[in-house]
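Reading through the structure tokens given below for one structure.
The values are calculated or read from the model by the stated rules, or taken from the named source; none is laboratory data. All figures in this text were calculated on a predicted structure; none of them were measured in a lab. FYI the Cβ positions are ideal-geometry reconstructions off the backbone, even for glycines, and counts take in every protein chain you see. Note: areas computed on protein heavy atoms with side chains; ligands, DNA, RNA excluded. Shrake-Rupley method; radii C 1.70, N 1.55, O 1.52, S 1.80 Å.
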Amino acid sequence: GAVVSQHPSWVICKSGTSVKIECRSLDFQATTMFWYRQFPKQSLMLMATSNEGSKATYEQGVEKDKFLINHASLTLSTLTVTSAHPEDSSFYICSVQGLGETQYFGPGTRLLVL
Amino acid sequence: QKEVEQNSGPLSVPEGAIASLNCTYSDRGSQSFFWYRQYSGKSPELIMSIYSNGDKEDGRFTAQLNKASQYVSLLIRDSQPSDSATYLCAVNTNAGKSTFGDGTTLTVKP
């Protein structure tokens, strides 16, 4: 399966600042990556599908101007949370779609907005 | 009705027992089915994938799929305390996009 890394693993920021999270596919050329958010005791919520070289596809209710996604290469997708607020505090997880539509997840990024 | 439904649990079994996890889905056109395990504070990891009706075995894990009944299950034989985690059922209903259930929390007691 694909090996996926995320950076940073933890981030604490002040309200109003922007935070960028990187997702890298280390051994697999990923045309499609997914971004999820998970609140405590809840399941994964798909935020957007990141497509290499084109605009991301956002799920209903996810503000594309607040959660900026860039998939500039086959190994890197970034999620920028703009003007973060405390309610954006969550566990953000990316995944790479591999063979058979299997998803391989990164280790996740915990965001705490104060 | 949710697209993918799982028993929320918690499910508790003694060490060495069989743990049975169930999942139903609403879209009859679904083609790909997955079980992921998520330890507390960690991201999900793939346990099994299954694409056709019947059973698929991998070590202590067996996935069962019944498309007519829109049902997929995961059996864990000889359960170990290290199997204690939340198990997520995922169904691909659109091209490449997975819909996840809310997960079933399993506790294996020594």
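Could you grab me the full set of residues in the range B:39-59 that are farther than 25 Å from residue A:95 by Cα and in contact with a strand residue (DSSP E or B) (Cβ under 6 Å, 6 or more places away or on another chain)?
Within the range B:39-59, B:53, B:55 meet the criteria.
Within the range B:85-98, which residues are more than 14 Å from residue A:41 (Cα to Cα), more than 8 Å from chain A (Cβ to nearest Cβ) and modelled with pLDDT of 90 or more?
Result: B:89, B:91.
Is it true that residue B:78 is in contact (Cβ under 8 Å) with a residue 60 or more places away in the chain, open to solvent by 60 Å² or more (accessible area, probe 1.4 Å) and closer than 24 Å to residue A:39 by Cβ? Even if it seems obvious, please write down each step before you answer.
Values: in contact (Cβ under 8 Å) with a residue 60 or more places away in the chain: yes; open to solvent by 60 Å² or more (accessible area, probe 1.4 Å): yes; closer than 24 Å to residue A:39 by Cβ: no.
When the stated conditions are applied, residue B:78 does not pass them.
Which count do you get for residues in the range A:94-114 that are in a loop (DSSP other than H, G, I, E, B), over 15 Å from residue A:50 (Cα atoms) and open to solvent by less than 60 Å² (accessible area, probe 1.4 Å)?
Adding up the residues that qualify gives 2.
In the range B:50-75, how many are more than 13 Å from the chain's Cα centre (by Cα) and either outside any strand (DSSP E or B) or in contact (Cβ under 8 Å) with a residue 12 or more places away in the chain (or both)?
10
Please report, ordered by residue number, the strands (runs of 3 or more DSSP E) entirely within the range A:1-93 with at least 3 residues that are open to solvent by less than 30 Å² (accessible area, probe 1.4 Å) and polar (S, T, N, Q).
Values: elements: A:4-7, A:10-13, A:19-25, A:32-38, A:45-51, A:67-73, A:76-81.
Of the strands (runs of 3 or more DSSP E) lying wholly inside the range A:1-93, those with at least 3 residues that are open to solvent by less than 30 Å² (accessible area, probe 1.4 Å) and polar (S, T, N, Q) span A:76-81.
Pick out the one residue from B:36, B:25 that is among the hydroxyl-bearing types (Ser, Thr, Tyr), open to solvent by less than 40 Å² (accessible area, probe 1.4 Å) and under 19 Å from residue A:2 (Cβ atoms). Talk me through it step by step, then tell me what you get.
Details: B:25 fails: under 19 Å from residue A:2 (Cβ atoms).
When all the criteria are applied, what remains is B:36.
Restrict the check to the range A:37-56 and report whether at least one residue is touching a Cys at 6+ places or on another chain (Cβ under 9 Å), modelled with pLDDT of 95 or more and closer than 22 Å to residue B:98 by Cα. Full working, then the answer.
Quick first cut of the range A:37-56, residues touching a Cys at 6+ places or on another chain (Cβ under 9 Å) only: A:50.
Filter once more, keeping what is modelled with pLDDT of 95 or more: none.
Looking through the range A:37-56, none of the residues is touching a Cys at 6+ places or on another chain (Cβ under 9 Å), modelled with pLDDT of 95 or more and closer than 22 Å to residue B:98 by Cα.
Tell me which residues, restricted to the range B:81-106, are among the β-branched types (Val, Ile, Thr) and open to solvent by 20 Å² or more (accessible area, probe 1.4 Å). Steps first, answer last, please.
First, the residues of the range B:81-106 that are among the β-branched types (Val, Ile, Thr): B:86, B:91, B:93, B:99, B:104-105.
Result: B:86, B:93, B:99, B:105.
Going residue by residue through the range A:94-103, is there one that turns out to be in contact with a strand residue (DSSP E or B) (Cβ under 9 Å, 6 or more places away or on another chain) and without any contact (Cβ under 8 Å) to a residue 40 or more places away in the chain? Outline the logic, then answer.
Here is the first cut: in the range A:94-103, the ones in contact with a strand residue (DSSP E or B) (Cβ under 9 Å, 6 or more places away or on another chain) are A:94-98, A:100-103.
From what is left, the residues that are without any contact (Cβ under 8 Å) to a residue 40 or more places away in the chain are A:100-101.
Among the residues of the range A:94-103, at least one is in contact with a strand residue (DSSP E or B) (Cβ under 9 Å, 6 or more places away or on another chain) and without any contact (Cβ under 8 Å) to a residue 40 or more places away in the chain, which makes the answer yes.
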